[in-house]
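Undergrad: I have a structure here, written as structure tokens, and I will follow up with some questions on it.
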Amino acid sequence: MKKPNQLTVRVMGRDVPILKDDIVVQAANNLGEYRIQRNQIAIDSQVEQQLQGAVLIHEIVEVLNFDLELKLQHEILSSLASALYQVIRDNPQLIKQIISGKGLVV
Ligand SMILES: [Zn+2]
């Protein structure tokens, strides 16, 4: 059941709910997790708000790794996700431009 204000992220053509499930996530000693069977991403709500974005990007890359059968080692996946998160953070104007569908070069 989707809670009001609960965010979802569209990945590979499907909506993946982003939810809080601190007990399970913390018990596994993770900051977040992608649940393949349930099509859910859970993020530890105790994680600093700004860091939650980094955790989300990590879990999105986990979804891609699974769906595309990339078989990335977790260390590589983590590096890729961190770098991607940093690019997103460092380029808010560019991200807006990409979303607008307008050209990027003049
Ligand atoms: Zn992971």
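Values quoted throughout were computed directly from the atomic coordinates according to the rules given, and no laboratory measurement underlies them. Just so it is clear, the structure is predicted and the values come from calculations on it, not from any experiment. For neighbour counting, all protein chains shown are included, and Cβ atoms are generated from backbone atoms with ideal geometry for every residue, glycine included.
Undergrad: If you filter the range 1-88 for GluC sites (Glu not before Pro), then keep DSSP loop positions with at most 12 other Cβ within 10 Å, what is left? Please list the in-between numbers first.
TA: Values: sites: GLU33, GLU48, GLU59, GLU62, GLU69, GLU75; in loops: GLU48, GLU69.
Answer in residue order: GLU48, GLU69.
Undergrad: Among ASP44, ASP15, ASP90, ASP21, rank each residue by its count of other Cβ atoms within 10 Å, from fewest to most, as a rough exposure measure.
TA: On the way: ASP44 20, ASP15 12, ASP90 9, ASP21 17.
By the 10 Å Cβ count, ascending, the order reads ASP90, ASP15, ASP21, ASP44.
Undergrad: Quick check on the chain: helices-only [θ] at 222 nm, where DSSP H runs of length 4 and up contribute -39,500 (n - 2.57) each and the sum goes over total residues. Nearest 500, please.
TA: Values: 4 runs with 51 residues, N = 106.
It lands at -15000 deg cm²/dmol.
Undergrad: When a footprinting reagent is the concern and you count Cβ atoms within 10 Å, what order do VAL11, VAL106, VAL61 take, fewest first? Intermediate values should be presented prior to the final figure.
TA: On the way: VAL11 18, VAL106 3, VAL61 23.
By the 10 Å Cβ count, ascending, the order reads VAL106, VAL11, VAL61.
Undergrad: Given springs between every Cα pair under 10 Å in a Gaussian network model of the chain, which of LYS71, LYS96, LYS20 has the largest fluctuation?
TA: LYS96
Undergrad: While we're here: How long is the gain from ILE95 to GLN26 if the chain were fully straight, where each residue apart is worth 0.36 nm and the alpha carbon distance is subtracted? Can you show the working numbers first?
TA: Values: separation 69, 0.36 × 69 = 24.84 nm, distance 3.21 nm.
Residue separation times 0.36 nm, minus the Cα-Cα distance, leaves 21.6 nm.
Undergrad: So what J values fall out for the range 73-79 if you push phi through Karplus, 6.51 cos²θ - 1.76 cosθ + 1.60 with θ = phi - 60°, rounded to Hz, Gly and Pro as x?
TA: Values, residue by residue: 5, 4, 5, 5, 4, 5, 5 Hz.
Undergrad: Also, quick follow-up: Using amide H atoms built 1.01 Å from N in the peptide plane, name the residues 5+ places from GLN40, or on other chains, whose amide H lies under 5 Å from its own.
TA: Those qualifying (amide H under 5 Å, at least 5 residues apart or on another chain) are ARG35.
Undergrad: Moving to a separate point now. Give the lysines whose C-alpha is closer than 17 Å to that of LYS3, dropping any in the same chain fewer than 8 places away, or say none.
TA: LYS20
Undergrad: Here is a further query. How far apart, in nanometres, would the label points at ARG35 and VAL47 be if each is projected 7 angstrom from Cα along the Cα-to-Cβ direction?
TA: 1.6
Undergrad: Further question on the same structure: Modelling each spin label as a point 7 Å along the Cα-to-Cβ direction, I'd like the LEU7/ILE76 distance in nm, to one decimal.
TA: Those two pseudo-labels are separated by 2.8 nm.
Undergrad: Further, regarding this structure: Looking only at LEU51, LEU77, LEU64, which one moves most when the chain is put into a Gaussian network model with springs between Cα atoms under 10 Å?
TA: Largest GNM mean-square fluctuation: LEU51.
Undergrad: In a Gaussian network model over the chain where Cα atoms closer than 10 Å are linked, find which of LEU70, LEU94, LEU80 has the largest mean-square fluctuation.
TA: Residue with maximal mean-square fluctuation among LEU70, LEU94, LEU80: LEU94.
Undergrad: Measure nothing but the geometry: give the 0 to 90° angle between the long axis through the Cα atoms of 49-67 and the longest principal axis through the Cα atoms of the chain, rounded to 10°.
TA: 90
Undergrad: Dividing the Cα radius of gyration by the Kirkwood radius, what Rg/Rh value follows for the range 57-106? Let's see the in-between values first.
TA: On the way: Rg = 13.5 Å, Rh = 12.2 Å.
With Rg and the Kirkwood Rh in hand, the quotient comes to 1.10.
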